[in-house]
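The values are calculated or read from the model by the stated rules, or taken from the named source; none is laboratory data. All values reported here derive from a predicted model rather than from experimental measurement. Note that each Cβ is placed from the backbone with ideal geometry, even for glycine, and that neighbours are counted across all protein chains shown.
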Amino acid sequence: MKSFHKTMAWIARILLGATFVFSGFVKAVDPLGTTYKIQDYLQAFGWDVFYEYSLFFAVALITFEMVLGFTLLLGSWQRIVSAVTAVYMLAMTLLTLYIALRNPVSDCGCFGDAIVLSNRQTFEKNVVLLLLSLLLWLYRAPLYRVFGRRTSVWALILALAIPLFICHLSYRHLPLLDFRPYKTGTHLIDKMIVPEGAPMDSVVTEYIYEKDGRQQRFTLADYPAGDTTWHFVDRREKLIRRGYVPPIHDFEILHPDQGDITGEILSDANYCFLFVCPRLDKADRRGARSMREVQDYALRHDYRIYGLTASPASLVDEWKYEYDLLFDFCSVDEITLKTMIRSNPGLVLLKDGTVYNKWAWRDIPSLSRQMDEPLSEGNAGKMRDMRDRHRIVNLIVGALLLYVVLYVFRGASLISDYIKRKKNKPTN
């Protein structure tokens with residue numbers, strides 16, 4: 001029986017560790033996405049006073065989950081870590097139970113945009129993880145650990161450095177992995193189409209009537225038609241089951257003079273630059289200086305260029321005057337712009353309705369060197385290749401190599417200690 005408990009604890013430890021590492025990693029590659037989700041929670045609970053610390057909370061959560069996952073997988077400080085895991089999962093299970101019942105946010109964001117779970121699915125997932133954490137805590141007899149006391153501290157430091165490094169890189173540039181519907185290589189029109197035969201929203205219409213000061217709800221089948229003692233008050237539609245929602249369902253570009261130009265932009269066979277700036281009042285103004293060079297290049301080659309923002313016209317006029325921007329700014333929903341690119345400002349390159357490239361403001365290419373060359377002849381006009389995934393693979397391999405070095409160091413330390421004990425062993 002003891003062997004069975006030990007095996008179950010082993011399984012629980014591996015499953016919990018892998019889940020926490022995966023959960024932290026998919027959020028670390030997009031720290032701003034996690035920040036936006038935390039802001040949703042803060043607004044839902046009325047904790048707006050902590051709104052400005054959302055990024056700090058996001059990085060802290062990501063780091064905590066990845067460190068907890070690494071220590072579980074490596075078997076370091078098993079008693080403390082098993083207790084912390086159980087307490088953490090108990091708190092998260094209670095929180096997600098409340099969210100599943102009240103539904104203050106649409107989805108939990110526990111796996112970022114990589115895997116979107118409903119609030120109910122999140123609660124059920126946390127119940128399973130809670131049971132695993134309790135199993136690990138109850139049968140926390142010493143299991144195999146990868147590192148000893150000397151190297152466990154260095155393994156912990158490395159576990160702290162990995163998520164912080166990934167967050168830093170993804171925050172300053174763009175997410176290392178993009179799970180959103182606007183990622184490079186996506187044909188946006190395809191993501192906006194509702195397939196034929198897709199389920200539609202199931203809606204029930206309710207009629208509210210009043211009689212003798214008392215209101216009552218009726219359906220179309222039983223409302224008091226012809227009964228003059230009832231007085232009509234209101235009609236409401238109640239959503240019973242949500243139908244198919246395309247990945248992109250709220251992308252609308254409104255030109256200040258021409259109105260909706262979304263179709264015109266997405267059907268353009270030539271290149272089109274979109275200067276995306278969700279909030280001009282919070283944008284890094286260094287990005288506007290880079291846009292002047294892009295503007296001059298686009299005008300020379302007759303490429304479309306528009307600014308996309310959710311800011312009022314007064315701020316748009318201020319930016320255009322201050323930075324001598326000649327292109328028009330169009331209105332787009334702020335959430336859509338934040339989903340499109342995790343940079344404020346950022347630059348998106350479209351062609352034939354396909355996302356060819358995206359840049360954070362720090363990475364906007366210098367086009368002055370190829371001012372006379374069209375985009376098709378330079379790297380900027382080519383669709384981004386798989387370099388981002390290669391960087392992820394290199395990052396994982398590098399982290400594994402560092403842990404291998406620590407493991408080898410641990411082995412060398414054990415051998416050294418053994419030799420010392422043999423030398424100091426008293427002879428009869």
- [ ] Report, by residue number, each residue of segment 357-371 that is of a type in the set (D, E, K, R) and either under 24 Å from residue 181 (Cβ atoms) or touching a residue at least 12 places away in the same chain (Cβ under 8 Å) (or both).
- [x] 358, 362, 363
- [ ] Could you please let me know if residue 114 is within 18 Å of the chain's Cα centre (by Cα), surrounded by fewer than 20 Cβ atoms within 10 Å (Cβ to Cβ) and not in a loop (DSSP other than H, G, I, E, B)?
- [x] no
Task: Selection within segment 213-252 - modelled with pLDDT under 80 and of a type in the set (Asp, Glu) - done: 222, 227, 237
TODO: Among what's in segment 166-204 and is hydroxyl-bearing (Ser, Thr, Tyr) and in a helix (DSSP H, G or I), pick the residue that is nearest to residue 344 (Cα to Cα).
DONE: 171
Task: Among residues of segment 283-330, those that are surrounded by fewer than 18 Cβ atoms within 10 Å (Cβ to Cβ), over 26 Å from residue 172 (Cβ atoms) and within 29 Å of the chain's Cα centre (by Cα), counted - done: 1
- [ ] Within segment 210-236, count every residue that is loosely packed, with under 10 Cβ neighbours inside 10 Å and within 41 Å of the chain's Cα centre (by Cα).
- [x] 0
Task: Checking residue 325 against (1) assigned by TED's automatic domain parsing to the domain that holds residue 339; (2) hydrophobic (A, V, I, L, M, F, W, C); (3) in a strand (DSSP E or B), the condition it does not meet - done: (3)
TODO: Please identify the pairs in which a residue from segment 210-227 that is part of a strand (DSSP E or B) has its Cβ atom under 6 Å from the Cβ atom of a residue that is acidic (Asp, Glu) and at pLDDT 80 or above, counting only partners at least 6 apart or on another chain.
DONE: 217/206
Open item on the list: Based on this model, can you work out whether residue 123 counts as crowded, with 16+ Cβ neighbours inside 10 Å, among the hydrophobic types (A, V, I, L, M, F, W, C), in contact with a Leu (Cβ under 8 Å, 6 or more places away or on another chain) and not in a helix (DSSP H, G or I)?
Closed with: no
Task: Residue list for segment 68-96, restricted to those being within 22 Å of residue 165 (Cβ to Cβ) and crowded, with 20+ Cβ neighbours inside 10 Å - done: 68, 69, 70, 71, 72, 74, 76
- [ ] Within segment 260-274, track down each residue that is more than 24 Å from the chain's Cα centre (by Cα), surrounded by 13 or more Cβ atoms within 10 Å (Cβ to Cβ) and in a strand (DSSP E or B).
- [x] 271, 272, 273
Open item on the list: Conditions first: (1) without any contact (Cβ under 8 Å) to a residue 60 or more places away in the chain; (2) exposed (fewer than 12 other Cβ atoms within 10 Å of the Cβ); (3) closer than 24 Å to residue 309 by Cα; (4) not acidic (Asp, Glu). Residue 256 passes all but one, so which condition is the exception?
Closed with: (1)
Open item on the list: Checking residue 207 against (1) in a loop (DSSP other than H, G, I, E, B); (2) in contact with a strand residue (DSSP E or B) (Cβ under 8 Å, 6 or more places away or on another chain); (3) surrounded by 13 or more Cβ atoms within 10 Å (Cβ to Cβ); (4) not hydrophobic (A, V, I, L, M, F, W, C), only one condition comes out false. Which one?
Closed with: (1)
Open item on the list: Out of everything in segment 12-53 that is of a type outside the set (Ser, Thr, Tyr) and without any contact (Cβ under 8 Å) to a residue 12 or more places away in the chain, what residue ends up being nearest to residue 172 (Cα to Cα)?
Closed with: 52
TODO: Please identify the pairs in which a residue from segment 281-303 that is closer than 21 Å to residue 342 by Cα has its Cβ atom under 8 Å from the Cβ atom of a residue that is of a type in the set (Asp, Glu), counting only partners at least 6 apart or on another chain.
DONE: 288/322; 292/324
Task: segment 241-259, subset outside any loop (DSSP other than H, G, I, E, B) and touching a strand residue (DSSP E or B) at 6+ places or on another chain (Cβ under 6 Å), residue nearest to residue 205 (Cα to Cα) - done: 241
